[in-house]
1. Please name all residue pairs, on different chains or six or more residues apart, with Cβ atoms under 7 Å, provided the first residue is in segment 192-214 and is assigned by TED's automatic domain parsing to the domain that holds V166 and the second residue is among the charged types (D, E, K, R).
2. What is the residue count in segment 209-235 for residues that are more than 14 Å from T253 (Cβ to Cβ) and part of a loop (DSSP other than H, G, I, E, B)?
3. Could you check A290 against (1) over 30 Å from A87 (Cβ atoms); (2) buried (at least 18 other Cβ atoms within 10 Å of the Cβ); (3) of a type in the set (G, A, S) and say which number it fails?
4. Which of the residues that make up segment 204-228 are more than 13 Å from S191 (Cα to Cα) and either surrounded by fewer than 16 Cβ atoms within 10 Å (Cβ to Cβ) or among the aromatic types (F, W, Y) (or both)?
5. If you scan segment 173-202, which residues turn out to be touching a Phe, Trp or Tyr at 6+ places or on another chain (Cβ under 6 Å), at pLDDT 95 or above and of a type in the set (A, V, I, L, M, F, W, C)?
6. Restricting to segment 297-314, name every residue that is among the hydroxyl-bearing types (S, T, Y) and closer than 17 Å to V267 by Cα.
7. If K308 meets every condition in (1) buried (at least 17 other Cβ atoms within 10 Å of the Cβ); (2) touching a Leu at 6+ places or on another chain (Cβ under 8 Å) apart from one, which number is that one?
8. How about segment 276-305: which of its residues are of a type in the set (D, E) and touching a Pro at 6+ places or on another chain (Cβ under 7 Å)?
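The values are calculated or read from the model by the stated rules, or taken from the named source; none is laboratory data. Only a predicted model underlies this, so the values are computations on that prediction, with no experimental measurement involved. As a convention, Cβ positions derive from the backbone with ideal geometry for all residues, glycine included, and neighbour counts pool all protein chains shown.
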Amino acid sequence: MNPSRFVLATASVSLALALFAGAAIAQGYPAKPIRLIVPFPPGGGTDIAARTIANKLSEDVKWTFVVENKPGAGGNLGVEQAVKSPADGYTLVIGQTSNLAINPALYAKLPYDPLRDLSPVALIVSAPVVFVVAASSRYTSLGDLLAAAKTDPGGVTFASPGNGTVSHLAGELLQRAAGVRLTHVPYKGASQALTDTLGGQVQSFMSSVPSALSQIRAGRLRAIAVSSATRARELPEVPTIAEAGYKGFGASTWYGLLAPARTPAPVIARLNAEVNRALKTPEVRERLAAEGGEALGGSPEQFASFLKAEHAKWGRVVKESGAKAE
């Protein structure tokens, strides 16, 4: 046989065997509990998104999930464990904006490449950042605050839950969009940032919706804008930054389900179908909305394209802001 024809025939047989093996795996999938890694502590947005989906699939299709919280290194530790796991559909991870799109630029070296080492399954939810000031603040709108910043560059402070977080970088994006300079005040979490915003030690705070929602509803904080492309369901009266005159502005924390790279395509397709089905149910949508989020869904290919765009977008913001891992 001609050597080139032999190589081609061998490759064809290998491909056929791989497709057959993948289809066989998917047909009996899952045959045992699925490990779902959450790279952050219990109770946070990533954890809630993971358990909401896992609980719904356990209820509807009787799959068994073992949810494991593996916090550390800004969410990097849990993702690293996932990418080093067998690509058989029995280890999944909930990734989000920070550890998939921001950290690759924020950290000098990561033990994984989110675009190379993971197979996207489905986007789950997106949640905006809300820009708040104390109810006693003289700023009654985003326009007021930005006008003051133009008059006094650096004289207006904005808090965030930490250097390199979505909240911090949304503030950096806003400064570039508006052509102003604010002074960033990073905290180690949202709690003290909220306290100091209420007390006037900082003038504004880029917060997650759940962190600030009770204080907004109690009238102690004033929400002046949300960072998403559309208004937040829990804050329908609060305009978006785009509506305030910065067309195209959009910055949100999003969460998605992923598997190790080279997980069989039929398994990815099965997971995607079930996750999308769960995301369309009223109870899942309501649970995610209660945390300020909007249920998403879509195909693995759409998630892959979205991840690539977010990776590039936040990489630019990190570089331009000079942010470094704490």
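1. L198/R220; V202/D196; V209/E234; P210/E291; L213/E234
2. So the count comes out to 8.
3. (2)
4. R217, A218, G219
5. L182
6. S299
7. It fails just one condition, (1).
8. E291
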